[in-house]
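As structure tokens, the structure follows; a few thoughts come after it.
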Amino acid sequence: MAKKIVVIGSGAAGMTAASSAREANEDAEIVVFTEEEHVSYSPCAIPFVLEGKIKDFDSIIMHTPEWYRKERSIEVRTRTKVTGVDVDKKTIALADGTSAPYDSLVLATGGTVFVPPIEGADLPGVHKVRFIKDGMDIQKAMASARHVVVAGAGVIGLEVAVALRHAGLEVTVVEMFPQVIPRICDADMAKEVQSYCESLGIKFVMGAPLQAIQGEGRVQKVVAGGKEHPADLVVMATGVRANLELPNQMGLEIGGLGAVRVSPTLQPYRKGRLMRDVFLAGDLVMCESAAAPGPTMSQLGGTGVRMGRVAGINAAGGYATFPAVVSPWVSQIGDVQIAGTGLSCGLADYYGMSVVEGRSTGTTRARYYPGGKKLIVKLLADRSTHRIVGGQILAGEEATGRINWISAAILNGATVEDFVTSYENAYCPPTSMVKDVVNRAAEDLLSKF
Ligand SMILES: Cc1cc2nc3c(=O)[nH]c(=O)nc-3n(C[C@H](O)[C@H](O)[C@H](O)COP(=O)(O)OP(=O)(O)OC[C@H]3O[C@@H](n4cnc5c(N)ncnc54)[C@H](O)[C@@H]3O)c2cc1C
């Protein structure tokens, strides 16, 4: 009999798991259940649709359920909430009261936007940003809005703030930490990003948790930092928490970071034992850091896809493992790219690691080549082993290739000495300086030891 593989969740992790399961097992019956109407779209593109850089939301939908049925023999059941999993009977319960059996299960139910429990958080005009439907709702609300408050100055909040500012709205960003992009970005790099956003006319209220959202029947103002800020639209970009609804109901072990603990094969634990036939992928799991010994969260599209592949192969009866991560990230905030990998100073402190910093500023192209943009590179190394453990880049262009280069060094366990002597770079005047700013930052770092 064909193996029945059930995937819950149609995000990056779930759809990749379904496709990878199909590649690993031609005969399996594969069914994806999702609460959403649209599948296989890129949430990462939502801010750029709002900004008008991408024509419309239809453009960011890669495939439809019909495409999956025809091309991959995968059934996708949209607008279907899974309300429970019976791990003993190996069945899932659906909101309509029916159930469906599985031989193996992939849980890819993602994350949820954390909304602080404050007055007015549920008023009309307050929107989360997570799914394509949220993006569509914000786009509609933008048409009649003038003052917007974006709660949260992480990369998603900043991308949305810039998008709304470019659309001509008055934008205020409220952030409880004293810097933008807290945790994953160092204060000096964050300051550059905030200054750039301020140059666009975005206002910031820093070190100020959201206190209340107020209005008669719909949002009219936000209270933060002891002051009132006018708002006819509020966008909550206040961080993502693992969606633990089904894991809790199934009795899965939750780790210290508030997400599901899994083995390298992405199997969860229940009552201290590894569960057979259940695999997890995406924003709801914890994984291992490759930069420091210990667990980390890697709530990124790239991680979701890579985990989805492992979970799909294993659910189909194959064998694959998920390695430790450095979680490289990059964000386009207006004309500025900000990127990072491995540890920031704050994360190094969290892992109890003392780090040494190197930094260099230059341009993205040869000095004499027209059009070069500002480029700042920062590298961090472990003080005791000299191992490179983190990097951050602020650039007018081409941050991605450079951050991937640093990621490879961290994943290889390269020391700063290794990097200076052996990590070669491709060069051509329109693409970099002959000694790239990354090399210069590594030399600066070496000089600090
Ligand atoms: C605006 C925005 C911009 C981003 N930009 C980037 C970026 O530039 N780069 C990057 O790497 N990452 C980015 N991310 C993060 C990235 O999109 C996520 O890490 C990734 O989408 C997570 O994928 P997932 O499959 O784990 O979860 P999700 O995409 O959250 O999918 C979860 C799925 O589970 C379904 N589901 C949940 N519960 C149930 C249930 N009980 N029954 C049925 N279905 C259920 C949901 O409907 C959904 O389909 C961004 C995210 C957002 C929101």
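Just a few scattered comments:
- Pairs are defined by a Cβ separation below 6 Å, a sequence spacing of at least 6 or placement on different chains, a first member in the stretch 1-12 that is closer than 17 Å to residue 37 by Cβ, and a second member that is within 11 Å of the ligand (Cβ to nearest atom) and part of a loop (DSSP other than H, G, I, E, B); the pairs so defined are 8/109; 9/108; 9/109; 9/110; 10/34; 10/36; 10/39; 11/110.
- Filtered by the rule that a residue be of a type in the set (A, V, I, L, M) and either in contact with a Pro (Cβ under 7 Å, 6 or more places away or on another chain) or away from the ligand (no atom under 12 Å from the Cβ) (or both), the stretch 108-126 gives 115, 118, 121, 123, 126.
- Of all residues in the stretch 58-91, those satisfying the criterion of being over 30 Å from residue 47 (Cβ atoms) and hydroxyl-bearing (Ser, Thr, Tyr) are 73, 83, 91.
- Extreme residue, nearest to the ligand (Cβ to nearest atom), among residues of the stretch 19-51 that are over 19 Å from residue 76 (Cα atoms) and not aliphatic (A, V, I, L, M): 44
- Selected residue (criterion: surrounded by the most Cβ atoms within 10 Å (Cβ to Cβ)) from residues of the stretch 127-148 that are hydrophobic (A, V, I, L, M, F, W, C) and more than 16 Å from the ligand (Cβ to nearest atom): 145
- When each of 401, 413 is tested for being outside the structural domain of residue 293 (by TED's automatic domain parsing), under 23 Å from residue 289 (Cα atoms) and outside any helix (DSSP H, G or I), the lone residue that passes is 413.
- First in the stretch 270-282 and in contact (Cβ under 8 Å) with a residue 24 or more places away in the chain and more than 14 Å from residue 104 (Cβ to Cβ), second anywhere and of a type outside the set (A, V, I, L, M) and part of a strand (DSSP E or B), Cβ under 9 Å, 6 or more apart: 282/111
- Selection status of residue 72, more than 10 Å from the ligand (Cβ to nearest atom), open to solvent by 60 Å² or more (accessible area, probe 1.4 Å) and in contact with a strand residue (DSSP E or B) (Cβ under 9 Å, 6 or more places away or on another chain): yes
- Matching residues, the stretch 239-253, being touching a residue at least 12 places away in the same chain (Cβ under 8 Å) and open to solvent by 20 Å² or more (accessible area, probe 1.4 Å): 239, 240, 241, 243, 244, 245, 249, 251, 253
- In the stretch 87-101, the residue that is farthest from the ligand (Cβ to nearest atom) out of those that are open to solvent by 20 Å² or more (accessible area, probe 1.4 Å) and in contact with a Ser or Thr (Cβ under 8 Å, 6 or more places away or on another chain) is 101.
- A single member of 375, 347 is buried (at least 18 other Cβ atoms within 10 Å of the Cβ), more than 16 Å from the ligand (Cβ to nearest atom) and more than 17 Å from residue 441 (Cβ to Cβ), and it is 347.
- Among the residues making up the stretch 314-323, those that are touching a residue at least 60 places away in the same chain (Cβ under 8 Å) and open to solvent by 30 Å² or more (accessible area, probe 1.4 Å) are 317, 318.
- Residue 84 being within 15 Å of the ligand (Cβ to nearest atom) and closer than 25 Å to residue 271 by Cβ: yes
- Search result, residues across the stretch 102-126 that are part of a strand (DSSP E or B) and either open to solvent by less than 10 Å² (accessible area, probe 1.4 Å) or among the β-branched types (Val, Ile, Thr) (or both): 104, 105, 106, 107, 111, 112, 113, 126
- Any hit, the stretch 163-181, residues being closer than 25 Å to residue 77 by Cβ and outside any loop (DSSP other than H, G, I, E, B): no
- Enumeration of residues in the stretch 386-434 that are open to solvent by less than 10 Å² (accessible area, probe 1.4 Å), over 19 Å from the mean Cα position of the chain (by Cα) and of a type in the set (Ser, Thr, Tyr): 432
The values are calculated or read from the model by the stated rules, or taken from the named source; none is laboratory data. On a predicted model such as this, the values are computed, not experimentally measured, just so you know. For neighbour counting, all protein chains shown are included, and Cβ atoms are generated from backbone atoms with ideal geometry for every residue, glycine included. Quick note on the areas: whole protein, heavy atoms, side chains included, nothing else; ligands and nucleic acids left out. Shrake-Rupley method; radii C 1.70, N 1.55, O 1.52, S 1.80 Å.
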